Amino acid sequence: MNAQDKVFREWMKAHVGLLVHVARAFADPADQNDLLQELMLAVWKAVPAFRAELSPVTFIHRVAHNRALTWRRRENWLFRRARQGQADLALFSGNGADPGGQERVDRLYAAIRTLSSVDRSLMLLSLENVSYGEMAAMHGISTTNVGVRLSRARQRVTTLLREEPGHE
């Protein structure tokens, strides 16, 4: 096993959850596994570019976030192309709820997907307990701006979840 493979395996053992979060935040449930594979491939390809001045989690998130943005743009383009050729997109309607807690998690990620890409990224980093300082450095914004954006994003997600039909 070469050094790149070794580093990648270590990172995936420790941080695959981060990639799962990114995939769930950027892709609909049917596409999450495809995006997760693309994120893992992007991280593997990026290992040689890693420099120790960043923490591995910061580096992995940056690579994954950028790849997810590219993927999302491509998916939006494909969706628009499909819509041009079809009068009815009924195939995109829901197919029922998952049982129990998984349904709540899916609703949460659906709400996160409505956020702007930066706010979505900040929410995911927050879920990974990344410091405001690291978030600010990754996105080129102030720590105060990170706090404000996170507060507003959390408020929006909470509002969306409360407005859903069937919310208790």
Separation of the Met1 and Leu69 label points, Cα + 7 Å toward Cβ, nm: 3.2 nm
Calculated from backbone phi, Karplus (6.51, -1.76, 1.60) coupling profile of the stretch 31-41 in Hz, x at Gly/Pro: 9, 5, 5, 5, 5, 4, 4, 5, 5, 5, 5
Normalised contact order of the stretch 1-67, rounded percent, pairs of Cα under 8 Å and 6 or more residues apart: 39 percent
Within the accessible area of the stretch 15-78 (1.4 Å probe), percent carbon and sulfur: 58 percent
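The values are calculated or read from the model by the stated rules, or taken from the named source; none is laboratory data. Given the structure is predicted, the values throughout are model-derived calculations rather than measurements. For neighbour counting, all protein chains shown are included, and Cβ atoms are generated from backbone atoms with ideal geometry for every residue, glycine included. Surface accessibility is based on the protein's heavy atoms, side chains included, excluding ligands, DNA and RNA. Shrake-Rupley method; radii C 1.70, N 1.55, O 1.52, S 1.80 Å.
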